[in-house]
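Peer 1: Below you will find the structure I want to go over with you.
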Amino acid sequence: MSISIQGKLINAGLRYFVKPVLSRTRLSAAIMNFTKSGFDIMSGITLPIPSMVEPERVNVDGVPGEWIDVGAGINKSRVMLYLHGGGYFFGSAHSHRPLIWRFSAQGALRVLALNYRQLPDFPYPAPLEDSITAYRWLLKQGYRPENIVIGGDSAGGNLTLVTLQKIREQGLPMPSCSILLSPWTDLTCSGNSIERNAYKDPMVPSNVLRFLSKYYVGDEDPSDPYLSPVNGNYAGFPPMLLYVGSTEVLLDDARRVADKARQAGVQVEYKEWEQMPHVFPILASFLPEGRIAMRQMICFINTHLGRASSFRPHLVKKTA
């Protein structure tokens, strides 16, 4: 499929106005905190949401989040746990409302968007602790696992995968399915596309990924499966839908996860979109490809919601 005119214009804007700023930024703690606020403000200006979207703040066993319910046809027994991206240092439930509200409105489900702890104050394992807390909270609220979807973009895609690993490790029931948008799955930054697509990627500079990885990982081993889920064991994972752009530096992060999950017997739908930018479905207001992807994701959710997992934790071989 050839890229739309809108896609070409968005890529040009990202390449000439966003990527240069990101690539030259030296991310001190002060700059990180400033960027967090600025990103939320800019997302609200550039990606407005309909007035009918009225997020409700919620305390998820000590972790802040937002409920988003859009439309009168919501089935409140169906829920999505959404983990936003932003390199583990920016982004929020607020910044990702332009994407999240569509899941609710088009999927007729509730979305719990989590404001998990982030850099610079909270490196690994704080985000994972918060995400598993949120999943346990949903179960305590009475949501059946077969009626739960888990998903995330970029660093939130990483967090989605490591949360699934933690769910399995703790012997909890698996959710119905997972959705991953441009997931950052290798914090060693060793995928071939990190260099191969360094120029082609219209938005994400490779050097920023390397910096954020070191900041988030600290003294831990970046190849650990709870930091780089590309190295994880996918046995027992629920059906998985992945999206990535063909020119992204994270292309191989997504490809390798799809391949490894398939080898473990996971039902995987992998969609590699020609020349689409990082997490392109968030641009569905402007981008035809984003609207198509949203329809595909809703179809995937509707196919799998309500199907109980046959996974049994005690049958999984532990990895070294």
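Taken together, the values in this text are just the output of simple stated rules run on the coordinates, not laboratory data. None of these values were measured; they are calculated from a predicted model. Don't worry about glycine lacking a Cβ; one is built from the backbone with ideal geometry, like all the others, and counts go over all protein chains shown.
Peer 1: Any idea what the dipole of segment 5-310 comes to, in debye rounded to 20, about its Cα centre with Lys/Arg Cβ at +1 and Asp/Glu Cβ at -1?
Peer 2: Working: 30 positive and 27 negative charges, 107 e Å.
The calculated dipole for segment 5-310 is roughly 520 debye.
Peer 1: Cα gyration tensor of the chain, axes a ≥ b ≥ c as square roots of the eigenvalues: rounded (a/c below 1.5), prolate (a/b > b/c) or oblate?
Peer 2: Numbers: a/c = 1.31, a/b = 1.14, b/c = 1.15.
Since a/c stays below 1.5, the shape of the chain is classed as rounded.
Peer 1: Could you pull out which residues in segment 82-99 have an amide N less than 19 Å from a spot 7 Å beyond the Cα of Arg291, following the Cα-Cβ vector?
Peer 2: 98-99
Peer 1: Let me ask something additional. Per residue, how big is the convex hull around the C-alpha atoms of segment 1-60? Give it to me in cubic angstrom, could you? Please report the intermediate quantities before stating the final value.
Peer 2: On the way: hull volume 10.7 nm³, N = 60.
Looking at segment 1-60, the number lands at 178 Å³ per residue.
Peer 1: What's the whole-number percent of alpha carbon pairs in segment 180-266 lying beyond 14 angstrom? List each step's numbers first, then the result.
Peer 2: Working: 2340 of 3741 pairs.
Here the tail beyond 14 Å accounts for 63 percent of pairs.
Peer 1: Run the simple label-point estimate for Asp61 and Arg24 please: 7 Å along Cα→C-beta, distance reported in nm.
Peer 2: 4.6
Peer 1: Another question, then. What does the helix-only formula give at 222 nm for the chain: each DSSP H stretch with n ≥ 4 adding -39500 (n - 2.57), the total divided by the residues, and the result rounded to the nearest 500 deg cm²/dmol? Please report the intermediate quantities before stating the final value.
Peer 2: Working: 10 runs with 121 residues, N = 320.
Here the helix-only value at 222 nm equals -12000 deg cm²/dmol.
Peer 1: If you take every DSSP beta bridge fully contained in segment 5-310, what fraction is antiparallel? Give it as a percent rounded to 5. Don't skip to the end; give the middle numbers.
Peer 2: Details: 9 of 34 bridges.
Antiparallel bridges: around 25 percent, rounded to the nearest 5.
Peer 1: Going by the alpha-carbon gyration tensor, a ≥ b ≥ c the square roots of its eigenvalues, is segment 189-320 rounded (a/c under 1.5) or, if a/c is not under 1.5, prolate (a/b greater than b/c) versus oblate?
Peer 2: Working: a/c = 2.22, a/b = 1.08, b/c = 2.05.
The shape class here is oblate.
Peer 1: Further question on the same structure: What helices does the chain have that are whole DSSP H segments, at least 24 Å long along their own axis by Cα, and with mean Kyte-Doolittle hydropathy of 0.0 or more? Provide the component values of the computation, followed by the final result.
Peer 2: Values: long enough: 29-46 (25 Å, 0.66); 288-304 (25 Å, -0.06).
Qualifying helices: 29-46.
Peer 1: Volume per residue, Å³, of the convex hull around the alpha-carbon atoms of segment 48-116?
Peer 2: Numbers: hull volume 5.5 nm³, N = 69.
In segment 48-116, the Cα hull volume divided by residue count equals 80 Å³.
Peer 1: Which of Lys140/Lys166; Lys19/Lys271; Lys214/Lys271 have a Cα-Cα distance over 20 Å?
Peer 2: Details: Lys140/Lys166 17 Å; Lys19/Lys271 24 Å; Lys214/Lys271 29 Å.
Table pairs above 20 Å Cα-Cα are Lys19/Lys271; Lys214/Lys271.
Peer 1: What length, rounded to one decimal in nm, is gained on full extension from Asp221 through to Ser2, with 0.36 nm per residue of separation minus their alpha-carbon distance? List each step's numbers first, then the result.
Peer 2: Working: separation 219, 0.36 × 219 = 78.84 nm, distance 4.04 nm.
Length gained, Asp221 through Ser2: 74.8 nm.
Peer 1: From the square roots a ≥ b ≥ c of the eigenvalues of the alpha-carbon gyration tensor of segment 31-153, which class results: rounded (a/c under 1.5), prolate (a/b over b/c), or oblate? Mind dumping the intermediate values first?
Peer 2: Values: a/c = 2.33, a/b = 1.19, b/c = 1.96.
Since a/c reaches 1.5 but b/c is at least a/b, the shape of segment 31-153 is classed as oblate.
Peer 1: Okay, next question. With the dipole of the chain worked out from charges on the C-beta (+1 for Lys and Arg, -1 for Asp and Glu) around the Cα centre, which of Ile282, Ile3, Tyr82 lies farthest toward the positive end?
Peer 2: My answer, from the dipole projection, is Ile3.
Peer 1: Could I ask something else about it? Please give the Cα centre distance for segment 32-103 versus segment 201-257, rounded to the nearest Å.
Peer 2: Each part reduced to its Cα centre gives a spacing of 22 Å.
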